[in-house]
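Asker: Quick one: this structure, given as structure tokens, is what I'll be asking you about.
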Amino acid sequence: MAEAGPITLDIVTGFLGAGKTTLINRLLADPALADTAVIVNEFGEISIDHLLIETGGEEGIVELGDGCLCCTVRGALVDTLAELAARRPALRRVVVETTGLADPAPVLRAVMAHPGLSRLYRLGNVVTVVDAVNGMATLDAHEEARSQVALADRLVLSKGALAQEQERQALARRLARLNPQAGLFDADALEAAARLLEPGIAPRRVPPAGHHHAHHHDDHDHAHGPDAFRSVSLTHDRPLARTVVENFLDLLATQQGEHILRIKGLVETVEAPERPLLVQGAQRLLHTPQHLPRWPESGRGTRIVVIGDGALDTGYIGRIFAAFAGEAQVDTPDRAALQDNPLAIPGFRR
């Protein structure tokens, strides 16, 4: 009998009242998400959300109340995840619904930093729900809301029918500035909600009519004002040796770790080109790379997204990735030089 693979851990977040519980109920109604447990985190003495989640039985819901996952109850989350894996051997997925005040980054770090959980769980997607009516004001007022958007793999625009088209257009543009790489979905138009949790990095989909982007940016600099996040998308169309990928990630975490909020990507490796290698990290913490069963519909190749604060050096990241990928550039060291002694190379010391 084949050994069961790691359990997929997805995070559904979004500010207060955005519609997280409604989305989770739609996810759980999909037969593709059988054998899924839900962890609900609420802030306050009285918990309600877990009573609103519709599952086949109470054993599928775990409540973590009176505290926020990104601070006071982070240890409880670690214990709960370990207990779920031990108690339910057939478990295939855990969905964590955070409180509306949570920053997803510490939750991701808590899993990656725990040696036991990093073997039991595979980090899936961060899905952030944004309220189309109040989203713009919420982003203006709350850093937590901006972080939830910036770290998302998929953005879901809720309550779109209640907002004016002009408001939806403006919010979509704001979300694109905060997180250019995330897929943007209209909650009202979702036919198969489980697709939000499929592996891979989704292409951007903008729900408001008449809003188009005919251009593509690999390097996004938004280091000023309230949207103070930067991101860079790294792509390569040929297989890379796994050691090359690991060495690149190690150097990246060492040199830019304090400014990195999240790293995520799929890599086509020389050793197993038919199975994508999932790489993830937060700051200097790197999750153990794991092979997925198959490639997503978007196809093969390598695409890694790095999201960070306003001090993230996206140019530096692009140069070292090009060097490790074997893409020669003028006045840039090659892969061998970086692997032998990267810190001794002029221009690559931080």
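Readers should treat all values here as calculations from the given coordinates under stated rules, not as data from a laboratory. Quantities reported herein were computed from a predicted structural model and do not represent experimental measurements. Don't worry about glycine lacking a Cβ; one is built from the backbone with ideal geometry, like all the others, and counts go over all protein chains shown.
Asker: Would you please put 167-173, 263-269 in order of how densely packed they are, using the mean number of other Cβ atoms within 10 angstrom per residue and starting with the highest?
Answerer: Taking the mean over residues of other Cβ atoms within 10 Å, the ranking is 263-269, 167-173.
Asker: Let me ask another. Find how many whole Å separate the alpha carbon centroid of region 229-308 from the alpha carbon centroid of region 82-111.
Answerer: If we compute the Cα centre of each part, the gap is 22 Å.
Asker: A follow-up question, please. Quick one: net charge around ASN125, please, counting Lys, Arg +1 and Asp, Glu -1 for every other residue with C-beta under 13 Å from its C-beta.
Answerer: Numbers: positive: ARG93, ARG122, ARG154, ARG195, ARG262, LYS264; negative: ASP10, ASP153, GLU198.
Net of charged neighbours comes to +3.
Asker: Next up: Amide H neighbours of LEU240 under 5 Å, counting only residues 5+ apart in sequence or on other chains, H built in-plane at 1.01 Å?
Answerer: Those qualifying (amide H under 5 Å, at least 5 residues apart or on another chain) are GLU268, THR269, VAL270.
Asker: Now a separate question. Arranged from highest to lowest average of other beta-carbon atoms within 10 Å per residue, in what order do the peptides 246-253, 271-278 appear?
Answerer: Packing proxy ranking, top to bottom: 246-253, 271-278.
Asker: Give the long-range amide H neighbours of ALA282: residues separated by 5 or more places, or on another chain, with amide H under 5 Å away, using H modelled in the peptide plane at 1.01 Å from N.
Answerer: Under 5 Å from the amide H of ALA282 lie the amide H atoms of ILE263, HIS287, each far enough along the sequence or on another chain.
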